[in-house]
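Notes follow the structure.
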Amino acid sequence: MKYSEMNIKMTGDFSNVRYVLKREGANMLVVIGVNPSKATDKISDPTMTKIMGFAKYNGFDGFIMLNLYPQRCTNPNDLHKEMNRELHNENLRAIASEISNMESPSVLLAYGNTIEYRKYLKLCLKDIISLFAPKNPQWLQIGALTQRGNPRHPSRAGYCTLSPLDISKLL
């Protein structure tokens with residue numbers, strides 16, 4: 001089945017911002033990346049192709065792709081120098097809406113060392129983690145953490161079984 005035929009839904013505008021990209025399923029994998037790139041509800045990109053592969057390899061039939069910061073850019077160096085508080089707050093609202101009916105979601109952190117490109121990205125992570133805390137999430141990672149102690153980006157890893165992540169080490 002082609003990506004464009006997978007009933008993938010997107011929230012945000014198609015040019016500058018993406019809050020959510022998802023495919024419904026009975027067993028959902030929630031993925032938190034760093035900045036949305038080219039993928040839309042009709043066109044995949046290398047990161048989304050890997051996300052779907054990890055989901056399938058690990059027994060998930062759906063996914064929700066979220067990001068620490070919703071600004072769309074293909075190069076993380078192009079992220080805003082300072083956090084746009086309005087964008088961040090709208091991102092938090094979108095995430096809260098997506099997880100409102102979830103109990104014990106499986107949440108894959110998958111942003112790699114890109115979180116270090118802007119100081120505000122770690123603040124965004126803390127805010128997002130606090131949204132998930134009451135949901136009793138199962139935090140997951142791909143392989144081992146990077147040498148800098150960050151969860152691996154999916155494009156930098158081969159398909160493997162996702163492993164538990166000690167979220168307290170990231171905070």
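E103 - would you say it is of a type in the set (D, E, K, R) and either in a strand (DSSP E or B) or touching a residue at least 40 places away in the same chain (Cβ under 8 Å) (or both)? For E103, the condition - of a type in the set (D, E, K, R) and either in a strand (DSSP E or B) or touching a residue at least 40 places away in the same chain (Cβ under 8 Å) (or both) - is not met. The combined condition, being among the polar types (S, T, N, Q) and under 20 Å from L162 (Cα atoms), is not fulfilled by S100. Give the residues of the range 26-81 that are without any contact (Cβ under 8 Å) to a residue 12 or more places away in the chain and under 18 Å from G12 (Cα atoms), sorted by residue number. Within the range 26-81, just D45 meets the criteria. Among the residues of the range 131-155, those identified as outside any loop (DSSP other than H, G, I, E, B) and under 15 Å from the mean Cα position of the chain (by Cα) are L131, F132, Q138, W139, L140, Q141, P154, S155. Which of the residues spanning the range 51-65 are crowded, with 17+ Cβ neighbours inside 10 Å and touching a Pro at 6+ places or on another chain (Cβ under 9 Å)? Answer for the range 51-65, where residues must be crowded, with 17+ Cβ neighbours inside 10 Å and touching a Pro at 6+ places or on another chain (Cβ under 9 Å): I51, F54, I64, M65. Within the range 1-50, the set of residues being over 23 Å from N77 (Cβ atoms), modelled with pLDDT of 95 or more and crowded, with 17+ Cβ neighbours inside 10 Å comprises V20, K22, R23, M28, L29, V30. The conditions of being hydrophobic (A, V, I, L, M, F, W, C), within 19 Å of R152 (Cα to Cα) and in contact (Cβ under 8 Å) with a residue 12 or more places away in the chain are not met by L92. Entry remark, the range 74-98: residues being within 21 Å of L170 (Cα to Cα) and within 13 Å of the chain's Cα centre (by Cα) number 3 in total. Restricting attention to the range 51-70 and to residues that are out of contact with any Lys or Arg (no Cβ under 9 Å at 6 or more places or on another chain) and not hydrophobic (A, V, I, L, M, F, W, C), the residue that is nearest to V34 (Cα to Cα) turns out to be G53.
Just one of K169, K126, K122 is in a helix (DSSP H, G or I), free of Cβ contacts under 8 Å to residues at least 12 places away in the same chain and more than 25 Å from M10 (Cβ to Cβ); which is it?
Only one candidate qualifies: K122.
Scanning the range 88-147 for residues that are of a type in the set (D, E) and over 19 Å from A55 (Cα atoms) turns up E90, E116, D127.
The values are calculated or read from the model by the stated rules, or taken from the named source; none is laboratory data. Bear in mind the structure is a predicted one, so any value in this text is a computation, not a measurement. Heads up, the Cβs are rebuilt from the backbone with ideal geometry, glycines too, and the neighbour counts pull from every protein chain shown.
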